[in-house]
1. Quick one: residue 52 ticks every box in (1) among the aliphatic types (A, V, I, L, M); (2) in contact (Cβ under 8 Å) with a residue 12 or more places away in the chain; (3) touching a strand residue (DSSP E or B) at 6+ places or on another chain (Cβ under 8 Å) bar one, so which box is it?
2. Take region 1-31 and flag every residue that is exposed (fewer than 11 other Cβ atoms within 10 Å of the Cβ) and in contact (Cβ under 8 Å) with a residue 60 or more places away in the chain.
3. Here is a list of conditions, (1) in a helix (DSSP H, G or I); (2) surrounded by fewer than 12 Cβ atoms within 10 Å (Cβ to Cβ); (3) not β-branched (Val, Ile, Thr), and residue 67 meets all of them except one; can you say which number that is?
4. Taking the criterion of being within 11 Å of ligand 2 (Cβ to nearest atom) and either at pLDDT below 95 or under 18 Å from residue 106 (Cβ atoms) (or both), would at least one residue in region 43-66 satisfy it?
5. What residue, among those in region 15-31 that are part of a loop (DSSP other than H, G, I, E, B) and of a type outside the set (S, T, N, Q), is farthest from residue 107 (Cα to Cα)?
6. Being touching a Cys at 6+ places or on another chain (Cβ under 6 Å), within 12 Å of ligand 1 (Cβ to nearest atom) and at pLDDT 95 or above is true for just one of 104, 100. Which residue is that?
7. How about region 32-49: which of its residues are surrounded by fewer than 16 Cβ atoms within 10 Å (Cβ to Cβ) and either part of a strand (DSSP E or B) or within 9 Å of ligand 1 (Cβ to nearest atom) (or both)?
8. Restricting to region 70-99, name every residue that is under 21 Å from residue 4 (Cα atoms) and either in a loop (DSSP other than H, G, I, E, B) or among the charged types (D, E, K, R) (or both).
Amino acid sequence: MSIADCLFCKIVAGEILADAVHRTEGLLAFRDINPQAPVHILIIPTEHITSLDVALDGHRDVLGEMMLAARDIARAEDLADAGYRTVMNIGADGGQTVHHVHLHLLGGRALAWPPG
Ligand code: 5GP
Ligand code: ZN
């Protein structure tokens, strides 16, 4: 699949609408269309990176920014005291269905462990 066909690149470009909650030069965060918890937000780099598996050492900053954005959004969504989860799915066994790196931020209920 080419970058031109990437769903999340289309969201970054504004070609597909999403409920954005946070935007910086390098990141976009928006609510998941099929939420698995009362709060379910996806944090993505605006640059297309297919998965963590193909991320480069040069992506160190943007990957770190994704984690710190999760911290900030969790506070803004009032999740910090109760707790929350960040998850990144990678590849087929990881359950990745959209091939543009994204960090899930889930909260608002007690989350089971381990995942299925
Ligand atoms: P993955 O399974 O790849 O880790 O997660 C992809 C996520 O993207 C899923 O949770 C799915 O619900 C979400 N998603 C898929 N298509 C759209 C869309 O068009 N808009 C939004 N906001 N989320 C989407
Ligand atoms: Zn993309």
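The values are calculated or read from the model by the stated rules, or taken from the named source; none is laboratory data. What you see is a predicted model; the values in this text were computed from it and never measured. FYI the Cβ positions are ideal-geometry reconstructions off the backbone, even for glycines, and counts take in every protein chain you see.
1. With (1) among the aliphatic types (A, V, I, L, M); (2) in contact (Cβ under 8 Å) with a residue 12 or more places away in the chain; (3) touching a strand residue (DSSP E or B) at 6+ places or on another chain (Cβ under 8 Å) applied to residue 52, the lone miss is (3).
2. Matches in region 1-31: 1 only.
3. (2)
4. yes
5. Here the answer is 15.
6. The match here is 100.
7. Correct list: 33, 34, 35, 36.
8. Across region 70-99, the qualifying residues are 90, 96, 97, 98, 99.
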